[in-house]
1. Determine, yes or no, whether T103 is touching a Phe, Trp or Tyr at 6+ places or on another chain (Cβ under 6 Å) and assigned to a loop (DSSP other than H, G, I, E, B).
2. What are the residues in region 61-76 that are within 22 Å of G26 (Cα to Cα) and not polar (S, T, N, Q), if any?
3. Looking only at region 30-83, how many residues end up being of a type in the set (S, T, N, Q), in contact (Cβ under 8 Å) with a residue 24 or more places away in the chain and over 10 Å from T106 (Cα atoms)?
4. Take I88 and tell me if it is of a type outside the set (S, T, N, Q) and either under 24 Å from I15 (Cα atoms) or in a helix (DSSP H, G or I) (or both).
5. For the condition closer than 30 Å to P128 by Cβ and buried (at least 19 other Cβ atoms within 10 Å of the Cβ), what is the one hit in V116, V108, V22?
6. Among what's in region 85-135 and is small (G, A, S) and out of contact with any Leu (no Cβ under 8 Å at 6 or more places or on another chain), pick the residue that is farthest from G73 (Cα to Cα).
7. Please determine whether any residue of region 85-97 is modelled with pLDDT of 85 or more, of a type in the set (S, T, N, Q) and farther than 30 Å from P128 by Cα.
8. If P24 meets every condition in (1) within 19 Å of R123 (Cβ to Cβ); (2) modelled with pLDDT under 80; (3) in contact with a Ser or Thr (Cβ under 8 Å, 6 or more places away or on another chain) apart from one, which number is that one?
Amino acid sequence: MTRAPLFMPGPSPVIALVLGWVVPGGGHAYAGKWGKALLFFVLITALQVAGLVIGGGTVVVWRLWLFAQVCAGAPTLALYQLSQYFAIHSPIDWADRLHEMGTLYTAVAGLMNLLVMMDAYLRLAYPPRETEEDA
């Protein structure tokens, strides 16, 4: 009976998870899936920037939505500072439909990145097995 090695050679799923949070699509780039990494980076970043523009720059504020928005990665922390700057210079109209829509866009970008991070982790943690037909 053979025992499974404690350390599996190859890319670490945990590092892929962390890189996926730092930069959207970073986990897939780390795993060598450059096409997916570029696609996810462009889509998630575009959705987050679109939400910021639609909401007038004040969509990343300390409210319940921030927990979903932070999943979009480290760029959200910079957008939080930018959003705070805009909120100081112009009051936030919480009933404005565009503000709500922009907040929703950035939250969806965060939740989408959470799924992308989990995909990169699972692909490295549980690689597909080769069958006899594939060999």
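1. Criteria not met by T103.
2. Answer for region 61-76, where residues must be within 22 Å of G26 (Cα to Cα) and not polar (S, T, N, Q): L66, F67, A68, V70, C71, A72, G73, A74, P75.
3. Number of matching residues: 2.
4. yes
5. Working: V108 fails: buried (at least 19 other Cβ atoms within 10 Å of the Cβ); V22 fails: buried (at least 19 other Cβ atoms within 10 Å of the Cβ).
Answer to the selection: V116.
6. If we filter region 85-135 for residues that are small (G, A, S), which is where we start, we get 87, 90, 95, 102, 107, 109-110, 120, 125, 135.
Next, from what is left, pick out any that are out of contact with any Leu (no Cβ under 8 Å at 6 or more places or on another chain): 87, 90, 95, 107, 110, 125, 135.
Values: A87: 21, S90: 26, A95: 27, A107: 11, G110: 7, A125: 21, A135: 39 Å.
In this case the residue turns out to be A135.
7. Scanning region 85-97 turns up no residue that is modelled with pLDDT of 85 or more, of a type in the set (S, T, N, Q) and farther than 30 Å from P128 by Cα.
8. Checking P24 against (1) within 19 Å of R123 (Cβ to Cβ); (2) modelled with pLDDT under 80; (3) in contact with a Ser or Thr (Cβ under 8 Å, 6 or more places away or on another chain), the one that fails is (2).
The values are calculated or read from the model by the stated rules, or taken from the named source; none is laboratory data. Since this is a predicted model, take the numbers as computed values, not measurements. Because the Cβ atoms are built from the backbone with ideal geometry, glycine has one as well, and the counts that use them run over all protein chains shown.
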